[in-house]
Structures are given as C-alpha cells and as structure tokens.
Amino acid sequence: MGRLIFFIDDDKVILNLLEYTFQSRRDYDVICYKTGEECLENLLREPNLIVLDHILEGADDNTLNGLDTLKEIRKINKDIPVVILTGQGDDALLSEFMENGANRYLTKDDYFIDSLIETIEQVIP
C-alpha cells in the first residue's frame, strides 16, 4: 500500500483534478472529501498527509471551514502534515493557519499542481 493522502476541497473540479493527478502515481493512495467533517470522521485511517482547502464552504453555516477543520485535526493528531490550498493570498489568514499547525500552504494558481507534487514529495518523501 502506498502513502495515504486525504484531499479536502468543496470544489468538485479541484478534487477530481487532485484525485486524477495523484491516483495515477504509484506511491500514493488518495481519498477525497468535500467537507472537513468527512475528513475528521476518517482520521483513524491515519493518512500520511492532509491537503486542505482553506475555505470549505458547506451546505449550511454549521459546516466546518478550513481553519476550524485544521484545529479539530490538531486536537486529534498533532503529527499529520497538513498543507493548505488557498485561492487567495491573504497573509493574515495564512499566518493564522500556520499558527494553528499547518505545515505549508500553496496558492491555487495555474501551476499549483506542480507545486503540490513537489511539496508532497518534500513532506512525505
């Protein structure tokens, strides 16, 4: 079995792209979730890495956003590397993610898949 990566993003297109990109790489097993809650319910599967969208807009106001999801992940497991994907470079928000235990963050630009591949190879060699 390869290294397990959780991808959490509310954008189905992004999830499909991530799943397609990494599922085809022989060293990775990929599971995609649309909500932080789904990720938290499955943390017992002990992923090697979590890639988390910073916004996570859900169906209602009670849905966890990216930062809340990160805080909950850290309550359960402080060691799993978490990479934040953001559509906007909001420095205050990004520093809040880093203070709450994110390991890295990447901006969703035209080349973010290449950056993510490099980052994942660095974080879980």
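On the given criteria, is Ile5 among the β-branched types (Val, Ile, Thr) and without any contact (Cβ under 8 Å) to a residue 60 or more places away in the chain?
no
How about segment 45-74: which of its residues are among the charged types (D, E, K, R) and in contact with a Phe, Trp or Tyr (Cβ under 9 Å, 6 or more places away or on another chain)? So that I can check it myself, show each step before the final result.
If we filter segment 45-74 for residues that are among the charged types (D, E, K, R), which is where we start, we get 45-46, 53, 57, 60-61, 68, 71-72, 74.
Once the filter is applied, which keeps residues that are among the charged types (D, E, K, R) and in contact with a Phe, Trp or Tyr (Cβ under 9 Å, 6 or more places away or on another chain), segment 45-74 yields Arg45, Asp53.
Please work out if Arg45 is closer than 17 Å to Gly2 by Cα, at pLDDT 95 or above and charged (D, E, K, R). Steps first, please.
Values: closer than 17 Å to Gly2 by Cα: yes; at pLDDT 95 or above: yes; charged (D, E, K, R): yes.
So Arg45 fits the description; yes.
Suppose we filter Leu17, Leu49 for residues that are out of contact with any strand residue (DSSP E or B) (no Cβ under 6 Å at 6 or more places or on another chain) and touching a residue at least 60 places away in the same chain (Cβ under 8 Å); which single one remains?
On the way: Leu49 fails: out of contact with any strand residue (DSSP E or B) (no Cβ under 6 Å at 6 or more places or on another chain).
Just one listed residue meets the conditions, Leu17.
Is it the case that Asn48 is closer than 20 Å to Leu106 by Cβ, touching a Leu at 6+ places or on another chain (Cβ under 7 Å) and surrounded by fewer than 19 Cβ atoms within 10 Å (Cβ to Cβ)? Can you show your working first?
Numbers: closer than 20 Å to Leu106 by Cβ: yes; touching a Leu at 6+ places or on another chain (Cβ under 7 Å): yes; surrounded by fewer than 19 Cβ atoms within 10 Å (Cβ to Cβ): yes.
Spelling it out, Asn48 is indeed closer than 20 Å to Leu106 by Cβ, touching a Leu at 6+ places or on another chain (Cβ under 7 Å) and surrounded by fewer than 19 Cβ atoms within 10 Å (Cβ to Cβ).
Tell me which residues, restricted to segment 6-39, are among the hydrophobic types (A, V, I, L, M, F, W, C) and either in contact with a Pro (Cβ under 6 Å, 6 or more places away or on another chain) or within 16 Å of Glu57 (Cα to Cα) (or both).
Once the filter is applied, which keeps residues that are among the hydrophobic types (A, V, I, L, M, F, W, C) and either in contact with a Pro (Cβ under 6 Å, 6 or more places away or on another chain) or within 16 Å of Glu57 (Cα to Cα) (or both), segment 6-39 yields Phe6, Phe7, Ile8, Val13, Ile14, Leu15, Cys32, Cys39.
Could you tell me whether Ser115 is more than 27 Å from Tyr20 (Cα to Cα) and among the hydroxyl-bearing types (Ser, Thr, Tyr)? Before you say what the answer is, go through the steps one by one.
Details: more than 27 Å from Tyr20 (Cα to Cα): no; among the hydroxyl-bearing types (Ser, Thr, Tyr): yes.
Here the answer is no, as Ser115 does not meet what is asked.
The values are calculated or read from the model by the stated rules, or taken from the named source; none is laboratory data. What you see is a predicted model; the values in this text were computed from it and never measured. In this analysis, Cβ positions are derived from the backbone assuming ideal geometry, glycine residues included, and neighbour counts consider all displayed protein chains.
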